[in-house]
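To start, the structure under review is shown below, and the notes come after it.
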Amino acid sequence: MRSFSSDGVDIAYMDAPAKGEDRGEPILLIHGFASSHRVNWVDTRWVEALTRDGRRVVAFDNRGHGESQKLYDPADYATERMAEDARRLLDQLEIGYADVLGYSMGARISAFLALAHGERVRSVILGGLGAHLVDSLGLPLGIAEALETHAPEALTDPMQRLFRRFAESSHSDLRALAACIRGSRQSLDATELARIFCPVLVAVGTRDTIAGDPRRLAGLLPDAEVLDIPGRDHNPAVGDKAFKAGVLSFLGRRP
């Protein structure tokens, strides 16, 4: 892992070269909440699939996650700030133009990046995020409480238990993640979505109850299509073969 300073915050990242002939079309991967570049993209073989397709793959740990710096003020996790970490990484690597693939919270960050820096984004794949980009501020605040409790065995809400177990399994800093939940509560409205002009793929599992309606989100974007990930709910959809195949097809077809 390498690292760089994003406006004073240490961000860990990886930069994997294409295998074989390089298409000259780098892709930036942005992971979801309580995950890391390794859990979201390496262990699920996304990096392998994309580099084998001739793409330079850049992935990083969001602030507060993985090997990046842990912060405890919710204001440090505003989605706009996290999108700027992504933009600064492109600057650091002298990548002027890239496809962007984000999952869940990473998809929300990707949308903010595409809105603020459309000239840097060739296309964007919003995985695990549908209409909740518009009508929700992110994961429920109760998840922050579940991360902070000293009695996790007393949790009864299934979503609280799911995210507490996931955060512990990835050896995350629970206090930093709680701050992230509280600080990254921003959405985009229809007017803002109408200004994201690059091609967009909205990819959501057919059993996903967290993402929101993918078709409603796609209908608010100027150039978007939907990829259904059959039979998958939120977390298992990440590494699904149909998701990978759909993304590679989209990347091969987009201008």
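Relative to the dominant Cα principal axis of the chain, helix 174-183 is inclined by about 70°. Taking amide H as placed 1.01 Å from N in the peptide plane, Arg56 has its amide H under 5 Å from the amide H of Ala18, Arg23, Gly24, Glu25, Ile27, each at least 5 places away in sequence or on another chain. Among the DSSP beta bridges whose two residues both lie in region 11-84, what percent are antiparallel, rounded to the nearest 5? Of the beta bridges lying entirely in region 11-84, close to 50 percent run antiparallel. Measure nothing fancy, just the Cα-based angle from helix 241-253's long axis to the longest principal axis of the chain, in degrees from 0 to 90, nearest 10. Taking Cα atoms only, the helix is inclined about 40 degrees.
Rounded to the nearest 10 degrees, the angle from helix 79-92 to the longest Cα principal axis of the chain is 40 degrees. Computed over the alpha carbons of region 55-151, Rg followed by Dmax gives 14.4, 47 Å.
Close amide H pairs (under 5 Å, H built 1.01 Å from N) link Ser6 with Ile11, residues at least 5 positions away or on another chain. Applying D = kT/(6 pi eta Rh) to the chain, where Rh is the Kirkwood radius over alpha-carbon pairs, T corresponds to 4 °C and eta to 1.567 mPa s, the Stokes-Einstein value obtained is 72 µm²/s.
Split the chain at each of the GluC sites (Glu not before Pro) in a DSSP loop with at most 12 other beta carbon atoms within 10 Å, and the longest piece is 95-255. Annotation for region 1-70 versus region 108-169: alpha-carbon center distance of 18 Å. Rg of the Cα atoms in region 176-255, relative to 2.2 N^0.38 Å, amounts to 1.22. Backbone phi angles across region 192-205, fed through the Karplus curve with coefficients 6.51, -1.76 and 1.60 (θ = phi - 60°), yield HN-Hα couplings of 5, 4, 5, 9, 9, 8, 6, x, 10, 10, 9, 10, 9, x Hz in residue order; Gly and Pro are listed as x.
Coordinate-derived values only; no laboratory data. Please read all numbers here as calculations on a predicted model, not as lab measurements. Glycine also receives a Cβ, built like all others from the backbone with ideal geometry; neighbour counts cover every protein chain displayed.
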